[in-house]
Every structure is written in C-alpha cells, then in structure tokens.
Amino acid sequence: MTNGPVIRPMLVAASAKSQGVKPEAVVNSRFRRKLAVCVRFPCRKPGRAVQRARGRHRQRLWRAYVYHDRGFTYDAGPTIITVPFVLDELAAAAGKKLADYVRLVPCDPFYRIYFPDGRIFNYRGQQEALEAEIAKFNPDDVAGYRRFLDYSRRVFDRAFTDLAAHSFDNFWEMVKVAPDLLRLRADQAVFSRVSQYIRDPALRQVFSFEPLLIGGNPLRSSSIYAMIHYLEKNWGVHFCMGGTGALVRGLVKMFEDIGGVLHCNARASEIVVEQGRARGVRTADGRFFPADIVISNGDVANTYRKLVAPEHRRKWTNPRLEKMRYAMSLFVVYFGTNRQYPHLPHHSIILGPRYEELLGDIFDRKIVAEDFSLYLHAPTRTDPSLAPPGGECFYVLSPVPHLGGGQDWEKIKDAYADRILASLEKEHLVPDLRKHLVSKLIFTPLDFQDRLDAYLGSAFQFEPLLTQSAWFRPHNKSEDVEGLYFVGAGTHPGAGLPGVICSAKVLDKWIM
C-alpha cells in the first residue's frame, strides 16, 4: 500500500495549431480543477485555444484527478458540487446541455455533523427539517437562524449574483462596491457574524465551518463567505455519478465537441514575455506555442515565481508573493474496505473537542495538534460502482498547516494517518476499519507542493480574507504582463467549484 502515482503535466492544444494557424490563446494550467475557460474560449474564438493541464492521463486534470487502486476509484479533487447552474450556464455557452455529458445527483443530508459528545446534526436543505435539527440543540435559536438565513441571502445577492463574475481590474471598481460591503459587514468574520444570530456553541460551529471548504479560517474569513450557506440551501449539494473525475471527462468531451484537441505530457517552463507582453508558452521539451494571450489557471504564486521572469514583474515580485497569507493545507487518506457501512451518509463532518483553539493551531501557530476535525467522504453511498462488490470507498481529510509550519511529513505521515483511521473506529462511524482495510493511499502537504505545484503546499492558494479578496487578490488581468490572464482559486472570486468557474466568466470582458 503506497501513495498514488506521480502526477505529470500535459498539454492540451486546439486543431488550429495543427493547421499552422497562430493560436490566439494558450491556457497554461498547472493544476486547476475545471475546463471552464477552455470551454468558454472556443465559443468566442472557435478552433483557436491551446490548453495545458496537469495529469498523466485525461482523467487527471488539475486537482480533479483520480486514483485507481485494487478496484477502488478515488476522487482526489473536489467532491462537493454546489450551484450546479454555473455548470449549466457553461454548457449553454458552448451550445450544449450539461445533462448530455454528466449526471449530477443531490445528496441528502448535505452533511452529517458529528460532535464529540455524541450528538448529531443532519444538515439538510428543507427548511422544516433543518429547523427541526436546530431545535434539537436549542429551540430558541430557530428564530435567530431565520435571521441568519436572510442575511446569507442578502450577501449572496450582492457578493455572488452581482460580483462573482465582476472584474476588479482597477481600484475604482472596489471603491464602487465598498459601501455595500460595509453595509453587509464584510469587515466581520463569519464566526462572529453567525454568533450574533445563534447562541448555542455547537450550532455556531454548524453554521460557520463552511469557509473551511475554500481554505478559510471561520474566525477571520470575511462574513461575505456566509453566502455559502444560502447557495447550498437554495441549490443543494450534489455529486457527479462516476465521481468528480467523470465531471472533468464530461467537460473534456464538451471541449472536444466544440473543436478543442488535447495534447498530454508537456510541462510549461516559461511564459515568454517581450516588451512587457506575453507572446506564448515554452515547454520543458523545448517547444514554443506562440499566442496573442496566455491564460493561467494554475497556482498564481508559482505561475509568477516559476514562469514569469523577475524582470517582467513590478507588482507581483517574489517578496510580495511571500508576504501574502496562504490558506491551510490538507492531509488526506484514501482508503477502501472489503465491507460496507450503509449507516453512513455521503458527506460527514466529524468535529473534534476543540474548535476555535484548533483553528488557531492550523492557521496561526501552524502546528499539527494531537486532536483534529475531519471530513469523511463516502462516495459509494451514492455510486456503488466506485468500489468492488461488497466494498466501500472513502477518503478522510484533516485540515493541517501549510508547509510554513515546517513539519517533516515524510517522517510523521504514517503515524498521523493511523491516528486518524483509529479515530474513525467507532460504532456510529467505521467500526473495525483497519481489520477490513484493503487499500490505502496517503496525500500530504508535500504532495500539494511537489505533485500539484502549490506554493507552500497550500490546498486553496490565498487565504480568503477581506484584505485578500476582490481587488486585493491577484487580478484576473495581470497587473504586470499585458496579455496574461488568470482564472482559478488564486484570483477573483476565489476557491471552490463555483468560484473557479465564475473566474473564467470574468474574462468575457477582455476575451471576445
């Protein structure tokens, strides 16, 4: 039982290149999740996109890659699909229907949240069912929750509906929205805002943990991210049958159907800049792909640090990038069993004995604590085909510090993984887990750095603080290099599947 295969980069190029036509865009992507910009761009400029992505095989594109081991299929990227209409919109932009390429199914409950004292909260979308869960903890908080839901809706209406695909390429764009953000108290943290509506300590955790899904610390992530609750409640939490890798394969097929051609296994080594303008991408094997524009959907820090020479960067210099605050990393154990656990839901959140203190350990003190909170993904609850007959497929994820904490993960990873698996061996979780374990793969912050080329091994790039959001993030249109653009988690609007897809929509302002 070893770690998964080494992920290698690949290049995706359009048919225009093979016809000797100068491509109008090269998309350099070290590891992002979605093909959104690839699907959108050929709709604007048919047959003229070059897409470079990470992965040894097609199913391993960016972070939505897939591991196969002993008959188990492990999604190694995002597993929670929210706001599915952004995918429908993406397909419509290509003149296609999403349902012809993938099948999304709803999860109920969205999450089951386990507390260390044995209490359970089933996080559901139906209002009556959700309020019944709240009442089990504190009936008086039902009214407060309704006020919080209304606040979450108002934040969503402004921050997502109006601004997710809005370009913040100049400071005046930020000035124009600042009054609205102040009215919505974007200066407050999610946890602080939730605490103004809800009194019960456990319920405060329930309704504030979601920034962790995009790499944020609920104790200081802007309350703008409280909108995650509304978007989940309104559109649900979904899973793609066949796993998230099937979603990527569906988008690849869509890309090919509108004229895209994929070329694999070529690592970008340089974004060539002449007279302050991007002129194309050079690969490690010496090939040069000329282009009118270059779009990076990889790690923004490493795109600048590794692919753009220092003399072409006045704003995003290495010292400036090093001063940014980076999101946490993740420790993930993929495992398969030869028995099933039908009592488990698809998504479980297993909270540890500490909440605020543990967040401080992860984000501030950057230590690996003795206790942990976990996310347990059981995709075979929805799609049994991902495991051999009679088996169950899982991954368990522990938020941990990025590599700035200095941990020697090669030394501690096996013991840490065993502690996590042992903690799951409870009757209401995965009893006798290690007795029935037949497959195990481990992924650490070092793998985020070395396999996925993430700066400091951060799993989400820049921490989603108010001072690192919108205009304060690296812009979708590079401030340093003309003709260089960014999509993905490191630019506006940020991490999470809806965010990275909306970031491609932002480019509509420039790429028509």
- Look at region 77-96 and say how many of its residues are under 21 Å from P211 (Cα atoms), among the aliphatic types (A, V, I, L, M) and outside any strand (DSSP E or B). 3
- Item | Matching entry among F372, F335, F363 (being assigned to a loop (DSSP other than H, G, I, E, B), surrounded by 20 or more Cβ atoms within 10 Å (Cβ to Cβ), among the hydrophobic types (A, V, I, L, M, F, W, C) and out of contact with any His (no Cβ under 9 Å at 6 or more places or on another chain)) | F372
- Kindly indicate the residue of region 207-248 that is hydroxyl-bearing (S, T, Y) and within 15 Å of the chain's Cα centre (by Cα) and also farthest from C107 (Cα to Cα) among those meeting that condition. Y225
- Message: Whether any residue in region 397-412 is open to solvent by 10 Å² or more (accessible area, probe 1.4 Å) and under 19 Å from H347 (Cα atoms) is what I want to check.
- Response: yes
- Query: Where residues in region 102-160 are among the polar types (S, T, N, Q) and in a helix (DSSP H, G or I), which of them is nearest to the chain's Cα centre (by Cα)?
  - Reply: S152
- Query: Assuming E479 fulfils every condition listed in (1) open to solvent by 30 Å² or more (accessible area, probe 1.4 Å); (2) under 30 Å from R70 (Cβ atoms); (3) part of a loop (DSSP other than H, G, I, E, B) apart from one, which condition is it?
  - Reply: (2)
- Note on the structure: Every listed condition ((1) touching a residue at least 60 places away in the same chain (Cβ under 8 Å); (2) open to solvent by 20 Å² or more (accessible area, probe 1.4 Å)) holds for A504 save (2)
- Item | Selected residue (criterion: farthest from D69 (Cα to Cα)) from residues of region 430-466 that are open to solvent by 10 Å² or more (accessible area, probe 1.4 Å) and within 14 Å of the chain's Cα centre (by Cα) | F460
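So that you can scan it fast, the table gives a plain yes or no per residue for (1) without any contact (Cβ under 8 Å) to a residue 60 or more places away in the chain; (2) surrounded by fewer than 22 Cβ atoms within 10 Å (Cβ to Cβ):
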residue	(1), (2)
C240	no, no
G259	no, yes
A284	yes, yes
F288	yes, yes
S296	no, no
A301	no, no
- Note on the structure: Within region 379-406, the residues that are of a type outside the set (A, V, I, L, M, F, W, C), in contact with a Leu (Cβ under 9 Å, 6 or more places away or on another chain) and within 11 Å of T444 (Cα to Cα) are S398, P399, H402
- Task: Determine which single condition E274 fails, assuming it passes every other condition in (1) at pLDDT 95 or above; (2) closer than 21 Å to I511 by Cβ; (3) open to solvent by less than 50 Å² (accessible area, probe 1.4 Å).
- Result: (3)
- Taking the condition assigned to a strand (DSSP E or B) and acidic (D, E), does E270 pass? yes
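The values are calculated or read from the model by the stated rules, or taken from the named source; none is laboratory data. Just so it is clear, the structure is predicted and the values come from calculations on it, not from any experiment. Neighbour counts run over all protein chains shown; Cβ positions are idealised from the backbone, glycine included. Note: accessible area is taken over every heavy atom of the protein model, side chains too, but ligands, DNA and RNA are not part of it. Shrake-Rupley method; radii C 1.70, N 1.55, O 1.52, S 1.80 Å.
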